[in-house]
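Chemist: The structure's right below; bear with me while I get my questions together.
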Amino acid sequence: MKMNHELPGDGTVGHSASCAPQESPVVELNVGGEFYTTTLGTLRKFPGSKLAEMFSSPAKACLDAEGRFFIDRCGTYFGPILEYLRSGQLPTQHIPEVYREAQHYEIKPLIKHLEDTPQIFGEQVARKQFLLQVPGYSENLELMVRLARAEAVAARCSRVLVCLVRNEKEDANCADALRSLEANKRSVVKFGPWKAALDISDLLDCLNMDIKAQGYQVCYSHNSPLPAKVSDYFYTFSFSWW
């Protein structure tokens, strides 16, 4: 059921089908099927934002069938955006989702405030910088998922072998084992070497977290069938399909 969001400080106004954005200080919005009432001054509060640009001229506005100004974004998280524009009130819930919308609308002061929250700071600064030190992380993560899906035919579980080597010495130690696995047509996804002093357990947790974020059921274990001298470098990620 579509709800009309009448937030504090707004009045109830009629539709503005015949009005250009600059002709009335009060506007009605349809944001992805959810309705809001606000003013042009609120929407134009930050001149460099997309909202200010959108409502700077009639040509940049799109109307729905009822004459409300239509924005083709998720309306659920527009409320916190609007409250920030009105009063400077920062959101306390759904921080990652509001952050994504703030980036879309290019509301730079709100983006900066949200980047200082623990949720965004931890993901965008701490974890992101950690992963930037692992060459090919995103590509290898994608390869793991492709291999798991390729082995999922008529199977409840598929397993992907991962090799983690922190430095050139460990890379050399694993070379024979990797060649043997390749000769036996066993696929291995190798991470490293990398220059920074990264903890293996943190990298494993990042892989586990990012795969689960894509909707997969996955877990990892340290039970390699390889010789003891190299087994410490190999981990098995198990994907469950049903």
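Chemist: Looking at the range 181-200 only, could you name the residues that are of a type in the set (Lys, Arg), under 14 Å from residue 236 (Cα atoms) and either surrounded by 15 or more Cβ atoms within 10 Å (Cβ to Cβ) or in contact (Cβ under 8 Å) with a residue 40 or more places away in the chain (or both)? Walk me through how you get there before you give the answer.
Modeler: Taking the range 181-200 as the starting set, the residues that turn out to be of a type in the set (Lys, Arg) are 185-186, 190, 195.
From what is left, the residues that are under 14 Å from residue 236 (Cα atoms) are 186, 190.
Correct list: 190 only.
Chemist: Let me ask something else. Which one of these does residue 61 not meet: (1) over 17 Å from residue 83 (Cα atoms); (2) at pLDDT 85 or above; (3) in contact with a Phe, Trp or Tyr (Cβ under 8 Å, 6 or more places away or on another chain); (4) hydrophobic (A, V, I, L, M, F, W, C)?
Modeler: Looking at each condition in turn, residue 61 falls short on (2).
Chemist: Looking only at the range 201-216, filter to residues that are of a type in the set (Gly, Ala, Ser) and part of a helix (DSSP H, G or I); which one of those is most open to solvent (accessible area, probe 1.4 Å)? Can you show your working first?
Modeler: So the first thing to find is which residues in the range 201-216 are of a type in the set (Gly, Ala, Ser), and the list is 201, 213, 215.
Okay, now just the ones that are also part of a helix (DSSP H, G or I), so 201, 213.
Values: 201: 55, 213: 85 Å².
Step by step, filter the range 201-216, then rank; the result is 213.
Chemist: Within the range 219-240, take every residue that is crowded, with 17+ Cβ neighbours inside 10 Å, under 20 Å from residue 199 (Cβ atoms) and of a type outside the set (Ser, Thr, Tyr) and give me the one that is modelled with the lowest pLDDT. Step through it out loud before you land on a result.
Modeler: Within the range 219-240, the first condition is being crowded, with 17+ Cβ neighbours inside 10 Å, and the residues that meet it are 220, 224, 226, 230, 233-235, 237, 239.
Applying the additional criterion that residues be under 20 Å from residue 199 (Cβ atoms) yields 220, 224, 230, 233-235, 237.
Okay, now just the ones that are also of a type outside the set (Ser, Thr, Tyr), so 230, 234, 237.
Values: 230: 87, 234: 95, 237: 97.
Out of the qualifying residues, it is 230.
Chemist: Let me ask something additional. Return the residues of the range 163-180 that are free of Cβ contacts under 8 Å to residues at least 24 places away in the same chain, open to solvent by less than 60 Å² (accessible area, probe 1.4 Å) and of a type in the set (A, V, I, L, M, F, W, C); say none if nothing qualifies.
Modeler: 175, 178
Chemist: Quick check: anything in the range 57-69 of a type in the set (Ser, Thr, Tyr) and under 16 Å from the mean Cα position of the chain (by Cα)? Quick ask: steps written out before the conclusion?
Modeler: First, the residues of the range 57-69 that are of a type in the set (Ser, Thr, Tyr): 57.
Among the residues that remain, those that are also under 16 Å from the mean Cα position of the chain (by Cα) are: none.
Within the range 57-69 (the criterion being of a type in the set (Ser, Thr, Tyr) and under 16 Å from the mean Cα position of the chain (by Cα)), the answer is no, since none of the residues qualifies.
Chemist: Let me ask you something else. Among the residues of the range 201-216, which ones are touching a residue at least 60 places away in the same chain (Cβ under 8 Å) and within 19 Å of residue 166 (Cβ to Cβ)? Step through it out loud before you land on a result.
Modeler: Going through the range 201-216, the residues touching a residue at least 60 places away in the same chain (Cβ under 8 Å) turn out to be 202-203, 206-207, 210-211, 214, 216.
Of everything in the range 201-216, those that are touching a residue at least 60 places away in the same chain (Cβ under 8 Å) and within 19 Å of residue 166 (Cβ to Cβ) turn out to be 202, 203, 206, 207.
Chemist: Let me ask something else. Given the structure, is residue 203 among the hydrophobic types (A, V, I, L, M, F, W, C), within 22 Å of residue 240 (Cα to Cα) and touching a strand residue (DSSP E or B) at 6+ places or on another chain (Cβ under 6 Å)? Break it down stepwise before answering.
Modeler: Numbers: among the hydrophobic types (A, V, I, L, M, F, W, C): yes; within 22 Å of residue 240 (Cα to Cα): yes; touching a strand residue (DSSP E or B) at 6+ places or on another chain (Cβ under 6 Å): no.
When the stated conditions are applied, residue 203 does not pass them.
Chemist: Confirm whether residue 198 is in a loop (DSSP other than H, G, I, E, B) and more than 20 Å from residue 139 (Cβ to Cβ). Working first, answer last.
Modeler: Values: in a loop (DSSP other than H, G, I, E, B): yes; more than 20 Å from residue 139 (Cβ to Cβ): no.
Considered against the rule, which asks whether it is in a loop (DSSP other than H, G, I, E, B) and more than 20 Å from residue 139 (Cβ to Cβ), residue 198 comes out as no.
Chemist: Which residue is most open to solvent (accessible area, probe 1.4 Å), if the candidates are limited to the range 112-136 and must be in contact with a Phe, Trp or Tyr (Cβ under 7 Å, 6 or more places away or on another chain) and more than 25 Å from residue 163 (Cα to Cα)? Write out each step before concluding.
Modeler: Quick first cut of the range 112-136, residues in contact with a Phe, Trp or Tyr (Cβ under 7 Å, 6 or more places away or on another chain) only: 114-115, 120, 131, 133-135.
Filter again for more than 25 Å from residue 163 (Cα to Cα), leaving 114-115, 120.
Values: 114: 3, 115: 67, 120: 9 Å².
The extreme case among them is 115.
Chemist: Related question: Does the range 138-154 contain at least one residue that is in a helix (DSSP H, G or I) and over 21 Å from residue 182 (Cα atoms)?
Modeler: Of the range 138-154, the ones in a helix (DSSP H, G or I) are 138-150.
Cutting the leftovers down to over 21 Å from residue 182 (Cα atoms) gives us 138.
The answer is yes; a qualifying residue exists.
Chemist: Here is a further query. Just one of (1) without any contact (Cβ under 8 Å) to a residue 24 or more places away in the chain; (2) open to solvent by less than 50 Å² (accessible area, probe 1.4 Å); (3) farther than 21 Å from residue 209 by Cβ; (4) not in a loop (DSSP other than H, G, I, E, B) trips up residue 99, so point out which.
Modeler: Unmet for residue 99, out of (1) without any contact (Cβ under 8 Å) to a residue 24 or more places away in the chain; (2) open to solvent by less than 50 Å² (accessible area, probe 1.4 Å); (3) farther than 21 Å from residue 209 by Cβ; (4) not in a loop (DSSP other than H, G, I, E, B): (3).
The values are calculated or read from the model by the stated rules, or taken from the named source; none is laboratory data. These figures come from a predicted structure and were not determined experimentally. All Cβ positions, glycine included, derive from the backbone under ideal geometry; neighbour counts span all protein chains shown. Remember, those area values only see protein heavy atoms, side chains included, never the ligands or the DNA or RNA. Shrake-Rupley method; radii C 1.70, N 1.55, O 1.52, S 1.80 Å.
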